[in-house]
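Read the structure below first, then the notes.
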Amino acid sequence: MMHPTAGISERPRRPGGPDLVVLILAKDEALVLPATLHAVFDQIGPGCEVHVVADGCRDDTAKVARASAARVFERPARGPLGKGAALAWWLRRTHAHAPGTQIIVVLDADSRMFPGCLDALRMEIEQGSVAAQAQIVPAVESTSPIAALAALSEIADQVVGDAIRVRLRWPVRLRGTGMAFRRLTLEAFAPQLSTSIEDAELTVLMASRGLVPRWIRGARIEDPKPNSTQYAARQRARWLKGQLQLLAAQPRAVLATLGRGLPGWSLAASVFLRPKAFSLPLFALAAMLSWKASSGSLWYLLPALFFGAWTFVGAASMMVGLAWSPAFGRTLGALLLLPSYVVLWLISAGLALSTGDAWPRARPLDTPTRPAGEPGHAL
């Protein structure tokens, strides 16, 4: 199997960089960044640094990061947009002084590391894994049934889907926050990122090369869900738009992933058929329509059986996930509204197709203090 860095030109490095970097890619995140940085600094030790990329920020993100003693990189709001572009930019800026064996943990600006998370991710990479993904613990900060269903979908895909994939040594989906890599691996793939869902794109690119990211149950990260239906719709619009971009930008990688058989199909389902709260009602409807139209015809009966089996497996995983839900009663009640979740996704689909915003925000923006696009620098 070809190493992921094969064919990648190796620019000279001068040793002396940190062994591990926690990298936070932030765009106008001054409101949520302090708590995240506090949790990170509680876990880092010698040979570790925290880097924050203030990506075309108009608020005090850079100022807040500097106040915490993080190393700050201000990226001008010019050129390609998105976290993938920001990641590739940071890798170029820091390449010369960083060893290729350096471990990089990518974290969202609003995520909270549980104690021991960083050590667990570091250990997995040091033991030879090509990439590691922390367990995401959804934080539901509102009484919205939409938020509860989104959290249930996230939990079910991990405690059932990812747990099975790990046991079978199949790749898992990278989730944007709580991802860990060797620098050499990340430098091999980052220049290819061109969509707004860099985590899914990395997942498909790595899977197409036969690389297997591992899900680490012992590394836990709290990740907040949108606190209103409006922001939930915007987040889902971002996902839908990114999935269309991914299919258009990486068709060969998607086909190569599917060509790897059951492991690839399982991974593709995790990337493209998410969340289950949306896909299950549609698959159940497709199963009923196919069955009704079958009239003994094998061509209709086979799709009915496929959609029915998928619905059954998905529903079973949701029930298992329900047992892990921190808000059991509220989540159970939200399941009764599952068909209405499709309506939210239809709204999100319309927003994804109509909005010119490359990155619809899923939470409020702090009041901008300056225009975007000032020269970038590192401190």
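The values are calculated or read from the model by the stated rules, or taken from the named source; none is laboratory data. What you see is a predicted model, and the numbers here were worked out from it, not measured in a lab. Heads up, the Cβs are rebuilt from the backbone with ideal geometry, glycines too, and the neighbour counts pull from every protein chain shown.
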Checklist entry - Which number in (1) of a type outside the set (A, V, I, L, M, F, W, C); (2) farther than 30 Å from Ala139 by Cβ; (3) in contact with a helix residue (DSSP H, G or I) (Cβ under 6 Å, 6 or more places away or on another chain); (4) at pLDDT below 60 marks the one condition that Ser290 misses? => result (4)
Item to check | Selected residue (criterion: nearest to the chain's Cα centre (by Cα)) from residues of the range 190-204 that are surrounded by fewer than 24 Cβ atoms within 10 Å (Cβ to Cβ) and part of a helix (DSSP H, G or I) | outcome: Asp199
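Residues are listed down the side, and each one gets a yes or a no for (1) surrounded by fewer than 22 Cβ atoms within 10 Å (Cβ to Cβ); (2) within 18 Å of the chain's Cα centre (by Cα); (3) not in a helix (DSSP H, G or I):
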residue: Thr101; (1), (2), (3): yes, no, yes
residue: Leu121; (1), (2), (3): no, yes, no
residue: Pro138; (1), (2), (3): yes, yes, yes
residue: Ala151; (1), (2), (3): no, yes, no
residue: Gln158; (1), (2), (3): no, yes, no
residue: Val166; (1), (2), (3): yes, yes, no
residue: Pro171; (1), (2), (3): no, yes, yes
residue: Thr177; (1), (2), (3): no, yes, yes
Next on the checklist: Tell me whether the range 39-58 contains one or more residues that are within 30 Å of Gly314 (Cα to Cα), touching a residue at least 24 places away in the same chain (Cβ under 8 Å) and of a type in the set (A, V, I, L, M, F, W, C).
Outcome noted: no
Checklist entry - Is it the case that some residue within the range 66-87 is under 20 Å from Thr185 (Cα atoms) and touching a strand residue (DSSP E or B) at 6+ places or on another chain (Cβ under 6 Å)? => result yes
Next on the checklist: So for the range 291-307 (the condition being of a type in the set (Gly, Ala, Ser), surrounded by 15 or more Cβ atoms within 10 Å (Cβ to Cβ), without any contact (Cβ under 8 Å) to a residue 24 or more places away in the chain and in a helix (DSSP H, G or I)), does at least one residue qualify?
Outcome noted: yes
Checklist entry - Can you pull out the residues in the range 170-202 that are charged (D, E, K, R) and in contact with a Leu (Cβ under 7 Å, 6 or more places away or on another chain)? => result Arg173, Glu187, Glu198, Asp199, Glu201
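Across the range 317-327, which residue is farthest from Ala139 (Cα to Cα) among those that are out of contact with any helix residue (DSSP H, G or I) (no Cβ under 7 Å at 6 or more places or on another chain) and assigned to a helix (DSSP H, G or I)? Spell out how you get there, then give the answer.
Looking only at the range 317-327, we keep the residues that are out of contact with any helix residue (DSSP H, G or I) (no Cβ under 7 Å at 6 or more places or on another chain), and these are 319, 323, 326.
Still in the list and also assigned to a helix (DSSP H, G or I): 319, 323.
Details: Met319: 19, Ala323: 16 Å.
Looking at residues that are out of contact with any helix residue (DSSP H, G or I) (no Cβ under 7 Å at 6 or more places or on another chain) and assigned to a helix (DSSP H, G or I), I get Met319.
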Checklist entry - What number goes with the only condition from (1) on the phi > 0 side of the Ramachandran plot; (2) modelled with pLDDT of 80 or more that Ser295 does not pass? => result (2)
